[in-house]
Amino acid sequence: MILKGKKALIVGIANERSIAWAIAKQFKAHGAELAFTYPNDAIKKRLDPLAQEIGSQIVLPCDVASDEEIKKLFADLKKHWTNFDILIHGAAFAQKDELSGGFLNTTREGFRVALDISAYSLIGLVKEALPMLNQGGSVLTLSYYGSSKVVQNYNIMGVAKAALEASVRYLAWDLGSKGIRVNAISAGPIKTLAASGIRGFRSILESVGQLSALKRNISAEEVGKSALYFASDLSSGVTGEVHFVDGGFNTGALQMPPAAPNSPINS
């Protein structure tokens, strides 16, 4: 159990289909003690039974859009733990209207909300967590391919994820002297609550499944396994990286459609 004796705070579980929940299950299976946060009562109702399922008694409120709530989170956490080792950042949000149509229609408020919750929250959480994070600790966040390439209807979330990945690199340099690593996993499309808000998501899922190097979609469990590596001492020399778990989809550029039986290309 490579996380035996480690403590991990996980932010961003919406329900049992969340990638952050798959990470939590891997961490628990490998010996970690876990704490969770929720932004509102609706999420708390879903999270409480999940926390009970894996034996966690620490479920704390935190709206990551509020500096005051982030500060209170760590004050509350300190009542349970003096320090901890792993911070998982899975918080992301954009208003549904921003995730369809042209990017040009992005509103100022939609831009602000997406960048605040999906990118700045990592900085805010790390800043307040730092006094409690142990030497050799690990911070891990979740990104997506739309940060660097255009994915139809992903729109402002692509810009937010680009900001998130840049934040990972800058934070890695700030925290490196303290022995704390900061990395990101860029997961392929997975059926989560957040993904359901993207118009045309089913088509994205099908396309990636056909066009990835592995010719299939990846699972949340596979992301959890990679997170296990980044949270453990196995990745002690790795920081500031964006690691793809997408079946190799990100490595492709152009694929030819299958040729018709009587096409000259087959002759």
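Residues of region 197-244 being more than 21 Å from Ile86 (Cβ to Cβ), surrounded by fewer than 18 Cβ atoms within 10 Å (Cβ to Cβ) and either of a type in the set (A, V, I, L, M, F, W, C) or touching a Gly at 6+ places or on another chain (Cβ under 6 Å) (or both), which ones? Once the filter is applied, which keeps residues that are more than 21 Å from Ile86 (Cβ to Cβ), surrounded by fewer than 18 Cβ atoms within 10 Å (Cβ to Cβ) and either of a type in the set (A, V, I, L, M, F, W, C) or touching a Gly at 6+ places or on another chain (Cβ under 6 Å) (or both), region 197-244 yields Leu205, Leu211, Ala213, Leu214, Arg216.
Every condition in (1) surrounded by fewer than 22 Cβ atoms within 10 Å (Cβ to Cβ); (2) touching a Leu at 6+ places or on another chain (Cβ under 7 Å); (3) on the phi < 0 side of the Ramachandran plot holds for Glu165 except the one numbered (2). Per the listing Gln152, Gln135, the residue uniquely among the polar types (S, T, N, Q), assigned to a loop (DSSP other than H, G, I, E, B), surrounded by fewer than 21 Cβ atoms within 10 Å (Cβ to Cβ) and over 16 Å from the mean Cα position of the chain (by Cα) is Gln152. Of the listed requirements (1) at pLDDT 75 or above; (2) surrounded by fewer than 17 Cβ atoms within 10 Å (Cβ to Cβ), Pro261 misses just one: (1).
In region 226-248, the residues that are closer than 17 Å to Ala20 by Cβ and β-branched (Val, Ile, Thr) form Cβ pairs under 9 Å with partners that are at pLDDT below 95 and outside any loop (DSSP other than H, G, I, E, B), at six or more places apart or across chains, as follows: Val245/Ala187.
Rundown of residues vs (1) of a type in the set (Ser, Thr, Tyr); (2) under 16 Å from Glu221 (Cα atoms); (3) buried (at least 22 other Cβ atoms within 10 Å of the Cβ), yes/no style:
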| residue | (1), (2), (3) |
| --- | --- |
| Ser18 | yes, yes, yes |
| Thr37 | yes, no, yes |
| Asn40 | no, no, no |
| Lys45 | no, no, no |
| Gln52 | no, no, no |
| Ile58 | no, no, no |
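Considering (1) in a helix (DSSP H, G or I); (2) over 30 Å from Gly224 (Cβ atoms); (3) in contact (Cβ under 8 Å) with a residue 12 or more places away in the chain, the lone condition that Gly101 does not fulfil carries the number (1). For Ser186, are the conditions met, namely being of a type in the set (S, T, N, Q) and not in a helix (DSSP H, G or I)? Answer is yes for this residue. Contact annotation: residue pairs with Cβ atoms under 7 Å, 6 or more positions apart or on different chains, pairing a residue in region 54-65 that is without any contact (Cβ under 8 Å) to a residue 40 or more places away in the chain and within 25 Å of Ala114 (Cα to Cα) with a partner that is among the hydrophobic types (A, V, I, L, M, F, W, C) and surrounded by 15 or more Cβ atoms within 10 Å (Cβ to Cβ), are Val59/Phe36; Val59/Leu47; Val59/Ala51; Leu60/Ala35; Leu60/Leu73; Leu60/Leu77.
Among residues that are in contact (Cβ under 8 Å) with a residue 40 or more places away in the chain and of a type in the set (Ser, Thr, Tyr), Thr107 is not included.
Every residue, every condition in (1) over 20 Å from the mean Cα position of the chain (by Cα); (2) at pLDDT 95 or above; (3) in a helix (DSSP H, G or I), yes or no:
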position	(1), (2), (3)
Ser207	yes, no, yes
Gln210	yes, no, yes
Asn217	no, no, no
Glu221	no, yes, yes
Gly224	no, yes, yes
Ala227	no, yes, yes
Phe230	no, yes, yes
Gly237	yes, yes, no
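When region 24-35 is filtered for residues that are touching a Lys or Arg at 6+ places or on another chain (Cβ under 9 Å) and either under 19 Å from Ala92 (Cα atoms) or buried (at least 19 other Cβ atoms within 10 Å of the Cβ) (or both), the ones remaining, listed by number, are Gln26, Phe27, Ala32, Glu33, Leu34, Ala35. The set of residues in region 13-25 being closer than 18 Å to Ile58 by Cβ and part of a helix (DSSP H, G or I) consists of Ala20, Trp21, Ile23, Ala24, Lys25.
Residues in region 176-190 that are over 30 Å from Val151 (Cβ atoms) and out of contact with any strand residue (DSSP E or B) (no Cβ under 6 Å at 6 or more places or on another chain): 3 in all. Annotation for region 92-110: at least one member residue is β-branched (Val, Ile, Thr) and farther than 29 Å from Asp233 by Cβ.
The values are calculated or read from the model by the stated rules, or taken from the named source; none is laboratory data. These numbers were taken from a predicted model, which means no experiment stands behind them. Glycine also receives a Cβ, built like all others from the backbone with ideal geometry; neighbour counts cover every protein chain displayed.
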